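This report refers to the structure that appears directly beneath it.
The values are calculated or read from the model by the stated rules, or taken from the named source; none is laboratory data. Predicted model only: the values in this text are computed from it and were never measured. Note that we place each Cβ from the backbone using ideal geometry, even for glycine, and neighbour counts take in every protein chain shown. In case anyone asks, the SASA skips ligands and DNA or RNA and just uses the protein heavy atoms, side chains included. Shrake-Rupley method; radii C 1.70, N 1.55, O 1.52, S 1.80 Å.
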Amino acid sequence: MVNLNEEKRKIDEKVLEQIKEKIESIQYGSVTAVVHEGKIVQLDTNVKIRLV
């Protein structure tokens, strides 16, 4: 396993803002962060639409 230093583990403020925006934009669903070598490289948003 690769030993990542603390500097690599810090999450960029821009990424945190994007995560926040994704979460705030949906009422039901999920936001998934894909991590590669200790960095978030992709955000996936799954939206559920309630028909009731």
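With the crude spin-label approximation of a point 7 Å out along Cα→Cβ, what separation in nm comes out for Ile19 versus His36?
Result for the modelled spin labels: 1.8 nm.
For Lys14, list the lysines whose Cα falls under 19 Å from its own Cα; do not include residues on the same chain fewer than 8 positions away.
Candidates past the 8-residue exclusion: Lys22, Lys39.
Using a basic spin-label model with each label point 7 Å from the Cα along Cα→Cβ, how many nm lie between Asp12 and Arg50?
3.5
Once the other residues with Cβ under 15 Å from the Cβ of Val47 are scored (Lys, Arg +1; Asp, Glu -1), what is the net sum?
Around Val47, the surrounding residues sum to 0.
Give me the 1.4 Å probe accessible area per residue for the range 13-52, excluding ligands and nucleic acids, in Å².
About 90 Å² of surface per residue is accessible.
If DNA, RNA and ligands are ignored and the probe is 1.4 Å, what is the ranking of Val34, Val47 by accessible area, most exposed first?
Val47, Val34
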